[in-house]
Each structure stands twice: as C-alpha cells, then as structure tokens.
Amino acid sequence: MLRLALTLCLLASAGHCAAQAIVRKSFARAERQTALLDSLLTAPDLFPASWNPDGTIKTNTARGWISGFFPADIWLLYEYTRDAKWLDMARRRTAPLDALRRYTKTHDLGFMMGCPCHLAYRLTGDDHYKQLLIDASDALLTRFSPTVGLIRSWDNKGGDPNPYRVIIDNMMNLEMLFTASRLTGDKRYHDIAVRHADNTLKNHFRPDNSSFHIVCYDAGTGRVTGQKGGQGHSAASAWSRGQSWGLYGFTMCYRETGDKRYLDRAVKSAEYFIRHPRLPADLVPYWDYDAPGIPDEPRDASAAAITASALLELARYVPEREKTYYKTARKILRSLASDRYLIPAGEKCGFLIDHSVGSKPAGSQVDVPIIYGDYYFLEALLRLKNYKTQK
Ligand code: GLY
C-alpha cells in the first residue's frame, strides 16, 4: 500500500515537474521572441497580427480586432517575470489603444481593450486602465439591442439593420462587461452580458454540441433568420476556433454568474473537443472539424491554445472531470511547446507559435503564426504554472 502511494506521489510530482518545465521553456522563448517582435515593429501605433510567408509582419492599426493581443502578451511576460523592462514595454505598446476608448464600430472591444487593460489594471492598479475598461464597456453597450437581446457583432454596409449578425466569438467580449460591473457597481453591464449569453445559449448550439459561427436575427423582431459559415467550412460545419470561443466564453460566464446552465454548456463543449473522432493525437485541431480534406488540412494552433486555457479554468469547476481536463490542457500545451509548433528563437519575426488559421474560406492567414495564438498560449501557461493541485 505504502509503495503504491509512493509511486502515485512520484508520478504526480513528475507530472507537475513536466508541466513546470513546459512553462519555463515557453516563457524563455517568449521573452526572446517578444523582444525581437518589438524591435522589428518600429511604428509605435501599429500592432502585429500575423507573420506573412514573405517574411514580413502583417500589422493592423488600433482598430483591427487583434490590436490588444501584443500588448497583452507583454503584460503576461511582466506578470511572469516581474521585470521592469516588460512593464515599460507593456505600457508603451498599450498606450495607442487609448484611441479606442469611445470607438463603437466593433464588438471586439473585449479582445482589444479588455485583454490588455484588465491585465494592466490588475498588475499596476493604475486608474487610467480602469477608466479605459469602463469607457470601452460603455462603447460596447451601444451595440446591444434590447429587441434582439444580443450585442451586434458586425455592421452591414450602408447601415442596413438586417441581417443582425452575432458570432460565437462575441462571447469573449462579455468578460470586460462583467469586469466593468464589478469596477463601477453598475449592474447594467452584467445584465446585458447575461442576456447576450442566454440568447447565445438558446440559438447558437446544435444538438451535437457544436456551434454555428454566425447566427442572423431580424433586428425588428429578434427572430432567428438563418445561420452562416463565416470563417468555418460551411454553415453546418464546426469551425474549430469558434468551438474554443464557446468553451472559453461559457466557462468564464459560469465564473462570473454561478449559473449552472453556463457550466453545463461549457462541459458539453469540452466533451465535444475531447471526444471528437477527428481530433488529432497531439490535440491540435484542424481548422474546422468538418474540413473536407482531413487529414490533409491545416491545423489551428490558436484554437488549441484557447481550449487549453479554458480547460484549465473549467477543471476547477468540475471535480469529476478535473483530472481529464487538466491533463488534456497539459497535453495541448506540451504539443504547442514542441518543435512542431514553438517557433525557434530569432525566427518568424518574433511570433511564438506556428500553424494557426485566420480564415481559410477567405484565404487569409492560413497555416501561419497569429498573435492571438501566442496570447492564449501564454495565458494557458500561466494558468498551468499556478494550478496548485498536483495532478
Ligand atoms: N474573432 C475572429 C476570429 O476568431 O478569427
């Protein structure tokens, strides 16, 4: 009996040591790569989106939906190292986002402002970042329709109210609203986030527990008028990153509300991932679970990173699946930290993980390093590092 206990203990700490080794190796690489990316990106108000196969960096202005991720990566580096050089760089790369504080033409403000400014406020206590979160949340609320009960994702050309399109990604923007409610004591942000989550729960998921990318509503009645494939293979397919946004979004909504329906939704999304017959052995999914050319289709490392991060949170809420979710997340991160995905120091302009897909149907950012893959990889690694229970 004692021998068995000792063996189990050794196995448990071996798992823990292996996890910490993945974290150390990946953060060391992230420090090298981030310094390189910062040195190559000389324009102070541009943000790196992805690596172009011609060896250049695809950039966006602050208004691109990816703008918050590079600043947020640097805040995560500061959180990990507590080195003032990352603090200085994080402040510098976050500063141009001030321009977005009253920007209402996108629903992606949770990614653009929520990710970097929430980290910045938590790590510095600087009220400037708190105010940015509140202002961006006010801007996001302007996109909510009480009739439809959802935040509008994309505007139509010419200002046409229909179709009123909502994408599963929009679940991620709710986190900033929950934060704003806590920071201000104003329940409005919380209540709108809950209405959005409730209607997404009702309309975005299929009986097999996958989700649509885009659901279209009638702006005048709130009735569902159809679904679209968007960045997925088709309206009926399961776009991989969309499945990850849903998993992460409903896990976060459960944390913020304690509503068991959200937990149930997150668990179903987790099980969809884990049990999927076309999930490759290294747990990095193809860009769409229903992509017609599997196994000769690109993977989406960003979907894997988002999933790992979400599972490391969900594991804490589901005791009977904790071990499975934790181990699945650790295995994903081990894959992403392997030579297949982790970019060698000094290469690909300083991006960190390779093999993500932006939009295959649009032929954009296919099988390249993309900045949000790096962000969720680093976030997941920190969650792994801080996961106290040894598994
Ligand atoms: N929000 C867009 C994407 O996930 O690509």
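The values are calculated or read from the model by the stated rules, or taken from the named source; none is laboratory data. The shown structure was predicted, so the numbers you read here are calculated from the model rather than taken from an experiment. All Cβ positions, even for glycine, are placed from backbone atoms using ideal geometry, and neighbour counts span all protein chains on display. What goes into the accessible areas is simple: the full protein's heavy atoms, side chains included, and nothing from ligands, DNA or RNA. Shrake-Rupley method; radii C 1.70, N 1.55, O 1.52, S 1.80 Å.
Does region 335-391 hold any residues that are within 16 Å of the ligand (Cβ to nearest atom) and of a type in the set (Asp, Glu), and which are they?
Within region 335-391, Asp367, Asp374, Glu379 meet the criteria.
Looking at Met113, Met89, can you tell me which residue is part of a helix (DSSP H, G or I) and within 16 Å of the ligand (Cβ to nearest atom)? Even if it seems obvious, please write down each step before you answer.
Values: Met89 fails: within 16 Å of the ligand (Cβ to nearest atom).
Unique residue meeting the criteria: Met113.
Looking at region 197-206, is at least one residue part of a helix (DSSP H, G or I), free of Cβ contacts under 8 Å to residues at least 40 places away in the same chain and surrounded by fewer than 24 Cβ atoms within 10 Å (Cβ to Cβ)?
Quick first cut of region 197-206, residues part of a helix (DSSP H, G or I) only: 197-203.
Filter again for free of Cβ contacts under 8 Å to residues at least 40 places away in the same chain, leaving 202-203.
Subset that is surrounded by fewer than 24 Cβ atoms within 10 Å (Cβ to Cβ): 202-203.
Yes: one or more hits.
Limited to region 137-184, what total is found for residues that are without any contact (Cβ under 8 Å) to a residue 12 or more places away in the chain and farther than 28 Å from Asp98 by Cβ?
Of the residues in that region, 5 qualify.
Give the residues of region 46-92 that are under 16 Å from Phe351 (Cβ atoms), free of Cβ contacts under 8 Å to residues at least 24 places away in the same chain and acidic (Asp, Glu), sorted by residue number.
Asp54
State yes or no: is Arg101 open to solvent by less than 40 Å² (accessible area, probe 1.4 Å), touching a helix residue (DSSP H, G or I) at 6+ places or on another chain (Cβ under 6 Å) and of a type in the set (Lys, Arg)?
On the way: open to solvent by less than 40 Å² (accessible area, probe 1.4 Å): no; touching a helix residue (DSSP H, G or I) at 6+ places or on another chain (Cβ under 6 Å): yes; of a type in the set (Lys, Arg): yes.
The answer is no for Arg101.
Results for (1) open to solvent by less than 30 Å² (accessible area, probe 1.4 Å); (2) within 16 Å of the ligand (Cβ to nearest atom); (3) closer than 17 Å to Leu150 by Cβ, shown as yes or no for each residue.
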| residue | (1), (2), (3) |
| --- | --- |
| Arg223 | no, no, yes |
| Gly232 | yes, yes, no |
| Trp245 | yes, yes, yes |
| Gly258 | no, no, no |
| Asp264 | no, no, no |
| Ser269 | yes, yes, no |
| His276 | yes, no, no |
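Which of the residues belonging to region 278-302 are within 16 Å of the ligand (Cβ to nearest atom) and of a type outside the set (A, V, I, L, M)?
If the condition is that a residue be within 16 Å of the ligand (Cβ to nearest atom) and of a type outside the set (A, V, I, L, M), then Pro285, Tyr286, Trp287, Asp288, Tyr289, Pro298, Arg299, Asp300, Ser302 are the ones that fit.
Could you look through region 358-380, keep only residues that are outside any loop (DSSP other than H, G, I, E, B) and more than 21 Å from Gly110 (Cα to Cα), and pick out the one that is least open to solvent (accessible area, probe 1.4 Å)? Explain how you work it out, then say what you get.
Here is the first cut: in region 358-380, the ones outside any loop (DSSP other than H, G, I, E, B) are 358-359, 364-368, 370-380.
Cutting the leftovers down to more than 21 Å from Gly110 (Cα to Cα) gives us 364-368.
Numbers: Ser364: 43, Gln365: 47, Val366: 50, Asp367: 68, Val368: 7 Å².
Taking the candidates together, the pick is Val368.
Looking only at residues that are open to solvent by less than 20 Å² (accessible area, probe 1.4 Å) and assigned to a loop (DSSP other than H, G, I, E, B) in region 328-357, which one is nearest to Gly15 (Cα to Cα)?
Taking the candidates together, the pick is Ala337.
Inside region 130-188, can you point out the residues that are open to solvent by 10 Å² or more (accessible area, probe 1.4 Å), touching a helix residue (DSSP H, G or I) at 6+ places or on another chain (Cβ under 7 Å), within 16 Å of the ligand (Cβ to nearest atom) and not hydrophobic (A, V, I, L, M, F, W, C)?
Those that are open to solvent by 10 Å² or more (accessible area, probe 1.4 Å), touching a helix residue (DSSP H, G or I) at 6+ places or on another chain (Cβ under 7 Å), within 16 Å of the ligand (Cβ to nearest atom) and not hydrophobic (A, V, I, L, M, F, W, C): Asp169, Glu175.
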